[in-house]
Amino acid sequence: MPPTAYHAPETIEQAVNLLSGDASARPLAGGTDLVVQIRSGRAAPGAIVDLKRIAKLREIRREGEGFAIGAAVPCTALKDNAALAAAWPGVVEAANLIGSVQVRNRATMAGNLCNASPAADSVPALVAAGATCIVVGPSGEREVSVEQIPAGPGATSLKSGEFVAEIRLPGPAKGGSDAYLRSIPRTEMDIAVVGAGASIALDGNGTCTAARISIGAAAPTVLLVEDAGKALVGTKLDDAAIDKMMEAVRAACNPIDDKRGTAEYRTAMAGILAKRVVQIACERAGGNS
Amino acid sequence: MSKIHVTTTVNGDEREFLCTPGQTLLDVLRGELGMTGSKEGCGSGDCGACTVVLDGEMVCSCLVLAGEAQGRSVSTIEGVAEGSQLHPIQQKFLEHAALQCGFCTPGFIVAAKSLLDRNPDPTETEVRYWLAGNLCRCTGYDKIIKAVMDAAAELRQERTAA
Ligand SMILES: Cc1cc2nc3c(=O)[nH]c(=O)nc-3n(C[C@H](O)[C@H](O)[C@H](O)COP(=O)(O)OP(=O)(O)OC[C@H]3O[C@@H](n4cnc5c(N)ncnc54)[C@H](O)[C@@H]3O)c2cc1C
Ligand code: FES
Ligand code: FES
């Protein structure tokens with residue numbers, strides 16, 4: 001069944017009312033997942049609630065030391081915000097690995113997150129960065145960590161009528177930076193076989209003071225691997241600490257076997273990508289200390 | 001099902017149409033508006049044959065709902081030439097034989113123009129990355145890249161001459 005209504009509300013309140021008043025309604029951001037799914041029959045929303053006419057959802061704001069990114073901001077606009085790109089280069093790069101320029105001019109990070117693919121490229125970077133979401137709905141507003149949104153492939157923890165209004169990134173830690181890498185057979189236009197994100201902070205002596213490691217396409221949802229971060233904190237990122245971090249990443253993996261890669265390959269690569277993103281984040285952090 | 005009434009600007013002209021909530025901008029351009037230059041290669045965002053410029057940014061019109069075009073500005077391949085005067089990118093595609101069946105060509109030209117409008121002097125690598133969302137099954141891409149590089153050089157010359 002094709003959708004029977006298209007709404008373009010101009011306020012968050014109108015969008016909440018439209019979504020909570022109709023169980024078959026779905027939010028539309030860039031449409032680069034939703035329109036494809038409607039056309040292939042994988043999704044059949046009764047009504048479409050386009051979030052892109054809500055001015056507040058189209059802006060990137062400073063929020064204290066950090067940033068608030070509206071749910072309708074396309075990935076290419078993230079690159080154009082110099083302060084954001086300097087503070088969170090890994091997040092901005094991850095979002096700009098998605099699809100082609102045509103796709104990134106429409107695709108949003110909130111849509112990437114709420115589509116809930118385990119291979120979504122911006123999500124491991126957001127999780128590593130410690131990003132949160134402002135979720136709005138019929139019972140008001142709540143703030144949840146990004147890793148709490150996906151519940152399984154294609155499923156989220158959002159309740160009926162709720163949607164993500166913005167994604168918040170903290171200010172980067174002193175001496176901190178981030179990175180994201182994915183493994184794909186070509187350089188553009190492909191889905192991650194496995195991906196890894198890291199956010200690392202170093203003190204003046206090169207001792208790691210904070211570390212968050214996440215992996216994508218290695219389990220039914222993007223994972224925050226807390227043990228991997230713990231293996232690095234308090235060390236100078238010597239080989240033994242890196243090995244322990246990689247071991248924690250591999251232990252957290254629970255991937256599928258499919259045409260893109262075997263479970264064994266994904267598990268091994270997750271460890272290797274985690275090592276590489278830690279190295280890149282550290283090089284970047286060195287420049288920030 | 002009630003139809004949506006949309007008023008939008010296409011290649012500088014105000015156009016009106018009726019569409020269903022699920023119809024795409026590509027469907028309406030090719031159907032209701034009779035502008036068949038934009039092609040449907042895949043309908044899923046993969047091939048770029050449907051590329052148009054929406055409010056200054058290139059997008060796949062197969063992934064834009066027609067209702068979203070209300071009050072927006074759309075530029076298509078039909079607006080690239082000035083009357084019978086081909087745009088330098090179009091001329092260079094002919095000179096370099098950068099097309100065989102031609103199905104991908106409108107999308108490549110709209111995408112290449114979008115690049116050269118903002119970056120008059122791209123490197124070959126920049127051109128290749130920018131056009132990564134446009135697929136061609138015939139040419140092997142090399143002639144397309146050469147045509148775009150050559151068109152960029154000519155446009156730079158025209159600019160300095162002007
Ligand atoms: C050719 C092509 C290549 C692609 N390549 C990649 C890739 O390399 N990496 C990658 O990760 N993805 C890729 N994708 C998938 C897609 O582009 C991304 O997942 C994108 O970020 C989705 O964002 P969107 O704004 O277009 O979401 P939409 O399609 O608008 O929405 C996606 C889903 O999330 C819901 N939703 C949207 N916004 C919200 C919100 N604010 N709150 C609650 N729910 C919401 C929608 O109802 C829908 O279910 C590709 C897609 C295409 C067509
Ligand atoms: S038809 Fe739109 S990208 Fe292929
Ligand atoms: S010329 Fe045939 S697809 Fe490009």
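One table, with the values for the structure above:
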read-out: For residue A:154, distant residues with modelled amide H under 5 Å away; value: A:117
read-out: Proximal lysines relative to residue A:244, as straight alpha-carbon distance under 19 Å, when same-chain residues fewer than 8 apart are discounted; value: A:230, A:236, A:275
read-out: Charged-residue dipole, Cβ positions (Lys, Arg, Asp, Glu), the stretch B:88-161 about Cα centre, Debye nearest 20; value: 180 debye
read-out: Under 24 Å from residue A:79, Cα to Cα: lysines that are on another chain or at least 8 residues apart; value: A:52, A:56, A:174, B:113
read-out: Student exercise, the stretch A:179-286 dipole from Lys, Arg, Asp, Glu Cβ charges, in Debye to nearest 20; value: 180 debye
read-out: For the protein assembly as shown, size of Cβ-based charge dipole, Lys and Arg +1, Asp and Glu -1, in debye; value: 380 debye
read-out: ³J(HN,Hα), Karplus 6.51/-1.76/1.60, whole Hz, each residue of the stretch A:5-13, x for Gly, Pro; value: 8, 10, 10, 10, x, 10, 10, 4, 4
read-out: Furthest towards positive pole of dipole, A:278, B:162, B:66, structure part the protein assembly as shown, Cβ charges; value: A:278
read-out: Residues with amide H under 5 Å from that of residue A:25, placed H, sequence gap 5 or more; value: A:46, A:47
read-out: Table column - 3J(HN,Hα) (Hz), the stretch A:107-114, Karplus curve with 6.51, -1.76, 1.60, x for Gly and Pro; value: 4, 10, 5, 5, x, 4, 5, 7
read-out: Shielding by partners - mean other protein chain Cβ count within 10 Å, residues of B:59-71; value: 6
read-out: Spin-label pair residue A:240/residue A:174, simplified geometry with 7 Å Cα→Cβ offset, distance in nm; value: 2.9 nm
read-out: Exposure proxy order (Cβ contacts within 10 Å, fewest to most) of B:6, B:80; value: B:80, B:6
read-out: GluC sites (Glu not before Pro) restricted to the stretch A:169-273 and DSSP loop, no more than 16 other C-beta within 10 Å; value: A:188
read-out: In order through the stretch A:227-242: 3J(HN,Hα) via Karplus (6.51 cos²θ - 1.76 cosθ + 1.60), integer Hz, x for Gly, Pro; value: 5, 5, x, 4, 5, 9, 5, x, 9, 9, 6, 6, 4, 5, 5, 5
read-out: Percent RCO, i.e. relative contact order, over the stretch B:4-79, from Cα pairs under 8 Å lying at least 6 residues apart; value: 40 percent
read-out: Relative contact order (%) - the stretch A:168-289, alpha-carbon pairs under 8 angstrom, separation at least six; value: 32 percent
read-out: Cα-based Rg / Dmax (Å) for the protein assembly as shown; value: 22.8, 70
read-out: 5 angstrom amide H check on residue A:66, placed H, neighbours 5+ away; value: A:171
read-out: Proxy reagent accessibility, fewest Cβ within 10 Å first, across A:1, A:189, A:109, A:246; value: A:1, A:189, A:246, A:109
read-out: Cα gyration tensor shape of the stretch B:88-161, rounded if a/c is under 1.5, else prolate or oblate by comparing a/b with b/c; value: prolate
read-out: Additional length obtainable on full extension of the chain from residue A:207 to residue A:83, 0.36 nm per residue less Cα span; value: 42.0 nm
read-out: Packing rank of A:94-101, A:163-170, A:14-21, B:116-123, where each peptide gets the mean count of other beta carbons within 10 Å, highest leading; value: A:94-101, A:163-170, A:14-21, B:116-123
read-out: Rounded, prolate or oblate (a/c below 1.5 giving rounded, otherwise prolate when a/b exceeds b/c) for the stretch A:164-216 by Cα gyration tensor; value: oblate
read-out: Cleavage-rule hits, GluC sites (Glu not before Pro), the stretch A:62-145, DSSP coil, Cβ neighbours within 10 Å at most 13; value: A:65
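Here, each number is a calculation from the coordinates, and none is a lab measurement. Values in this document were obtained by computation on a predicted structure and should not be read as measured data. Positions of Cβ are generated from backbone atoms using ideal geometry, with glycine treated the same way; all protein chains shown enter the neighbour counts.
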